[in-house]
Structures are given as C-alpha cells and as structure tokens.
Amino acid sequence: MIRVDPDWWRTLFDEVYLVTDAPFVCNAALTTREVDAIQALVPASQAARILDLCGGQGRHALELARRGYQQLTVLDYSDFLLCRGRREAMAAGLNVTFCRGDARATTLPADSWDVVLLMANSFGYFVNESDDQRVLAEVARLLVSGGYFVLDLIDRDVALRQFCAESWHEATEDMVVCWKRELVQDVIRVRELVVSKTSGLVRDRTYAERLYSAEDIRRVLHATGFDDAVVHQDAFVYDPAQGTDYGLATNRMLVTARKR
C-alpha cells in the first residue's frame, strides 16, 4: 500500500517538481492551447478581474497578460513557484500580482473577481472531501454574482478506463521519473521516484488526488453556490501512446460554471 502524508501538497511543488512535470507545467504550447480553451468558453473582457487560484508560477495568468488582460492575480501555497512567477513576469514586463495563500481560506476580499481559474489539475488534494467543498465555497465567496468559474480536473471515468499502475519517462537526459499508482475508493495514490543517472535517487515522495465524475462535480458545484455547470470532456485530449505522459493530468475535463 502507498502511504501518503495528508499535507504532501505543502512541500511537493519545488524545483524538482518543475523538472518531473515539465512536459505539463513548463510547456508553452500546451499553455497556449489551455488559454485558448478558457477564452473560447468564458466571455470575459480584457478589463475583467481574474484570479488564477492554485496557479503555481502563473503560466496561465502570464499568457493571459500577454493577450492584453489587465487585472490578473495568482494565488498559490508554494513560495518557490510564486517567486519563479514573479521573476518571469518582471522579465517579460507583465503586470501580474502573485500572493501566497491556502485555497480553502484565501483572505482575499469577497465579491471581487469576475473570473476564477483553478487549472492544471489542482483540485482534490485533501484527505477530507469536505476540504474540496471548502475550496469551491471559497471560490463562490470570491466571485461576483454571475462570475465565471473554470475548473480543470481529472476525468474520473476516463482515468479509470485507462488506469496505469506504473509508468516512467526521462524528464531530462540525466533524470528519470517513475510513477507507481494505486486506486483506493476514488482516490489515486502515487509514489514518485526521481532518479539521476549520475548521482542516484533525487526524490522518493507520495501524493494523492480524489477523482470526480462529471455528475459528481456538477452536484458539488450546485451545492456550493454555482449554476450552469457545463462539463467539457473533450477540451483536453492527450494520448499517452504518442509519447507524452502527463501523469495524473493526462485524463482531464474542463468545467465552467457561474456563481448563483
């Protein structure tokens, strides 16, 4: 059995993460496609106030800034990723605000955002399902009435059909990433081994993510203050057989909803 520290998400997202998950989180072409999808689904003006929640180094916010959006904020828990994002924004001359916080209780002002993004599979990290609901309730608190929420998460049904207990890839010429997975009551647990060909073991960590079906996420969104939830199961279609393994992010769906 894979044992997972319930607070794994507090420390996993560091410089090693940007190497192990580089095909997903440091992929400019992929980010462009994802922002294209956001723009196609959300009718927001360039003056809209947009919050990139659990936004890491702000790759979606930075791309939106490049497209002329003017009021962008990234909130994440990882100091490392936030510092990386600030440096990128400064180097590119982009006006994006980065701040640290917990998505369950951000301390940001209520009714202050026209759009909240929760992208890159950053949902379902907590041991208790009630904490997932707290995140959604916090999003509802932050949004203006009628504001848009965009949620990018694992598609449970596809993930179960294509479940792969083990996989590996070469993240760099020197570094190999191995993933071992197990499914326990709609939670995927992962053990990640990162090995350098020259210096040996770099990381041996575990993490987990809760799975939601399309119907489940619609139900939870409705219960936490959202209407008009639409699940776009074909928004992100990636075939691992083509040579790119995004780990838990391979089988995802995009959900749009509006604050009631």
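Suppose we filter Asp186, Asp204 for residues that are under 22 Å from Asp132 (Cα atoms), of a type in the set (D, E, K, R) and open to solvent by 30 Å² or more (accessible area, probe 1.4 Å); which single one remains? Outline the logic, then answer.
Numbers: Asp204 fails: under 22 Å from Asp132 (Cα atoms).
Just a single option satisfies the conditions, and that option is Asp186.
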Exercise. Could you please find all residues in region 123-136 being open to solvent by 50 Å² or more (accessible area, probe 1.4 Å), closer than 13 Å to Ala223 by Cα and not polar (S, T, N, Q)?
Key: Arg134
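I'd like to know if region 16-36 contains one or more residues that are among the aliphatic types (A, V, I, L, M), within 20 Å of Val139 (Cα to Cα), under 16 Å from the mean Cα position of the chain (by Cα) and open to solvent by less than 60 Å² (accessible area, probe 1.4 Å).
Taking region 16-36 and keeping what is among the aliphatic types (A, V, I, L, M), we get 16, 18-19, 22, 25, 28-30, 35.
When the remaining residues are screened for being within 20 Å of Val139 (Cα to Cα), the result is 35.
With the extra rule that they be under 16 Å from the mean Cα position of the chain (by Cα), the set shrinks to 35.
Checking the rest, the ones that are also open to solvent by less than 60 Å² (accessible area, probe 1.4 Å) come to 35.
Yes, some residue in region 16-36 is among the aliphatic types (A, V, I, L, M), within 20 Å of Val139 (Cα to Cα), under 16 Å from the mean Cα position of the chain (by Cα) and open to solvent by less than 60 Å² (accessible area, probe 1.4 Å).
Please find, within region 145-160, the residue that is surrounded by the most Cβ atoms within 10 Å (Cβ to Cβ) out of those that are touching a residue at least 60 places away in the same chain (Cβ under 8 Å), among the hydrophobic types (A, V, I, L, M, F, W, C) and not in a strand (DSSP E or B).
Of the residues in region 145-160, the ones touching a residue at least 60 places away in the same chain (Cβ under 8 Å) are 145-156, 158-159.
When the remaining residues are screened for being among the hydrophobic types (A, V, I, L, M, F, W, C), the result is 149-151, 153-154, 158-159.
Applying the additional criterion that residues be not in a strand (DSSP E or B) yields 158-159.
Working: Val158: 16, Ala159: 21.
Applying the filter and picking the extreme gives Ala159.
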Quiz prompt | Residue list for region 161-183, filter: open to solvent by 50 Å² or more (accessible area, probe 1.4 Å) and among the charged types (D, E, K, R) | solution = Arg161, Glu166, Glu170, Glu173, Lys180
Quiz item: Taking the condition without any contact (Cβ under 8 Å) to a residue 40 or more places away in the chain and open to solvent by less than 70 Å² (accessible area, probe 1.4 Å), does Leu72 pass?
Solution: yes
Exercise. Look through Ala110, Ala92, Ala120, Ala65 and report the one residue that is touching a His at 6+ places or on another chain (Cβ under 8 Å) and either without any contact (Cβ under 8 Å) to a residue 40 or more places away in the chain or buried (at least 16 other Cβ atoms within 10 Å of the Cβ) (or both).
Key: Ala120
Quiz item: Can you pull out the residues in region 20-52 that are touching an Asp or Glu at 6+ places or on another chain (Cβ under 8 Å) and of a type in the set (A, V, I, L, M)?
Solution: Val35, Ala44, Ala48, Ile50
Quiz item: Is at least one residue of region 43-59 open to solvent by 60 Å² or more (accessible area, probe 1.4 Å) and either over 16 Å from Gly147 (Cα atoms) or touching a helix residue (DSSP H, G or I) at 6+ places or on another chain (Cβ under 8 Å) (or both)?
Solution: no
Self-check item: Subset of region 161-171 [outside any loop (DSSP other than H, G, I, E, B) and in contact with a strand residue (DSSP E or B) (Cβ under 7 Å, 6 or more places away or on another chain)]
Solution: Glu166, Ser167, Trp168, His169, Glu170
Quiz item: Which pairs do you get when a residue that is within 19 Å of Val4 (Cα to Cα), found in region 161-187, comes within reach of a residue that is of a type in the set (Val, Ile, Thr) and in a strand (DSSP E or B), reach meaning Cβ atoms under 6 angstrom, with the pair 6+ apart or on two chains?
Solution: Val177/Val194; Trp179/Val190; Arg181/Ile188; Arg181/Val190
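The values are calculated or read from the model by the stated rules, or taken from the named source; none is laboratory data. Predicted model only: the values in this text are computed from it and were never measured. In this analysis, Cβ positions are derived from the backbone assuming ideal geometry, glycine residues included, and neighbour counts consider all displayed protein chains. The accessibility values were calculated without ligands, DNA or RNA, using every heavy atom of the protein model including side chains. Shrake-Rupley method; radii C 1.70, N 1.55, O 1.52, S 1.80 Å.
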